[in-house]
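**Q** Pasting in a structure now, in structure tokens, and then I'll have a few things to ask.
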Amino acid sequence: VVPQQVIRNAGEAESTGFEVEATLRPTDQLMITGSANIGRHKFTDFVDPISGTVFTGNRVPYAPDVTINLLGRYEFDSRLFNAVPALVAGMRYVSTTYFDEGNILSEDSIATFDAALELDWNDRTFLRLFANNLTDRVYRQYSFQSGPQVLSQPSQCRLSGLTVTQKF
């Protein structure tokens with residue numbers, strides 16, 4: 001038996017909130033960027049037409065109340081291998097996320113952290129050594145129920161790598 005998920009239009013929903021984004025450059029070498037989305041998303045009139053279940057007042061799936069992203073980048077004055085080096089660090093926070101209209105399936109709030117070392121040779125060749133999800137936090141990105149089973153897609157665990165970009 002292949003698990004199935006049925007997706008259909010919901011009734012009425014209301015979303016209120018705000019979004020803010022800022023970039024600070026306290027020195028020529030340091031740049032700090034941040035963004036935040038804060039809101040509330042709920043069903044205002046939703047009754048499942050098949051089961052008759054009332055979801056009015058429940059939270060809208062996949063719409064967390066808070067998401068915050070922070071990124072810091074420090075570019076050094078000195079050279080490394082004849083390139084301009086930079087250290088980059090980032091953080092992403094997501095509050096509790098519901099995966100279903102009944103608000104039964106959810107993932108608690110999470111924070112992930114990333115870091116990178118970048119080398120820039122005259123804006124043409126870039127090398128980036130990175131590690132995403134430094135704390136190796138595994139969480140559910142997607143879940144649904146199929147009969148008695150709950151099926152979920154896990155997040156990417158810690159990912160390290162190297163990218164090289166060449167502009168011609």
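The values are calculated or read from the model by the stated rules, or taken from the named source; none is laboratory data. Small disclaimer: the values here were computed from a predicted structure and weren't measured. Reconstructed Cβ throughout: ideal geometry from the backbone, glycine too, with neighbour counts over all protein chains shown. Please note that ligands, DNA and RNA were not included when accessible areas were found on the heavy atoms of the full protein model with its side chains. Shrake-Rupley method; radii C 1.70, N 1.55, O 1.52, S 1.80 Å.
**Q** How big is the dipole moment of the stretch 92-168 about its Cα centre under a simple scheme where the beta carbon of each Lys and Arg is +1, that of each Asp and Glu is -1, and everything else is neutral? Debye, nearest 20, please.
**A** So the dipole magnitude of the stretch 92-168 works out to roughly 280 debye.
**Q** Assuming 1.567 mPa s and 4 °C, estimate D for the stretch 79-168 with Stokes-Einstein, Rh taken as the Kirkwood radius over Cα pairs, in µm²/s.
**A** 82 µm²/s
**Q** Report, to the nearest whole %, how much of the accessible area of the stretch 1-83 belongs to carbon and sulfur atoms, 1.4 Å probe, protein only.
**A** Within the stretch 1-83, the accessible surface is 55 percent carbon and sulfur.
**Q** Then there is this: Leaving out ligands and nucleic acids, note down the accessible area per residue over the stretch 4-48 with a 1.4 angstrom probe, in whole Å².
**A** 74 Å²
**Q** Follow-up question, since we're still on this one. If you add up the charges near F130, with Lys and Arg at +1 and Asp and Glu at -1, over every other residue whose beta carbon is less than 10 angstrom from its beta carbon, what do you get? All intermediate terms of the calculation are to be shown ahead of the outcome.
**A** Values: positive: R128; negative: D114, E118.
Result for the local shell: -1.
**Q** Quick one: what are the phi-derived ³J(HN,Hα) couplings along the stretch 121-137, Karplus 6.51/-1.76/1.60 with θ = phi - 60°, whole Hz, x for glycine and proline?
**A** 9, 6, 6, 10, 10, 10, 10, 9, 9, 9, 9, 9, 6, 3, 7, 6, 6
**Q** Size of the dipole of the chain about the Cα centre, Lys and Arg at +1 and Asp and Glu at -1 on the beta carbon, nothing else charged, in debye to 20?
**A** 420 debye
**Q** Shifting gears a bit: Please state, as a whole number in µm²/s, the translational diffusion coefficient that the Stokes-Einstein equation yields for the chain at 25 °C and 0.890 mPa s, with Rh defined as the Kirkwood radius across alpha carbon pairs.
**A** Working: Rh = 19.2 Å.
In µm²/s, the coefficient is 128.
**Q** With viscosity set to 0.890 mPa s at 25 °C, what whole-number translational diffusion coefficient in µm²/s follows for the stretch 24-108 from Stokes-Einstein and a Kirkwood radius over Cα pairs? If you can, show how the numbers build up before the last one.
**A** Values: Rh = 16.2 Å.
Answer, rounded: 152 µm²/s.
**Q** With Cβ to Cβ distances under 14 Å as the rule, what net charge do the other residues near L80 carry (K, R +1; D, E -1)?
**A** Result for the neighbourhood of L80: -2.
**Q** To continue, here is another question. Got a sec to turn the phi values of the stretch 143-148 into Karplus ³J(HN,Hα) couplings, 6.51 cos²θ - 1.76 cosθ + 1.60 with θ = phi - 60°, whole Hz, x for Gly and Pro?
**A** 8, 7, 9, 10, x, x
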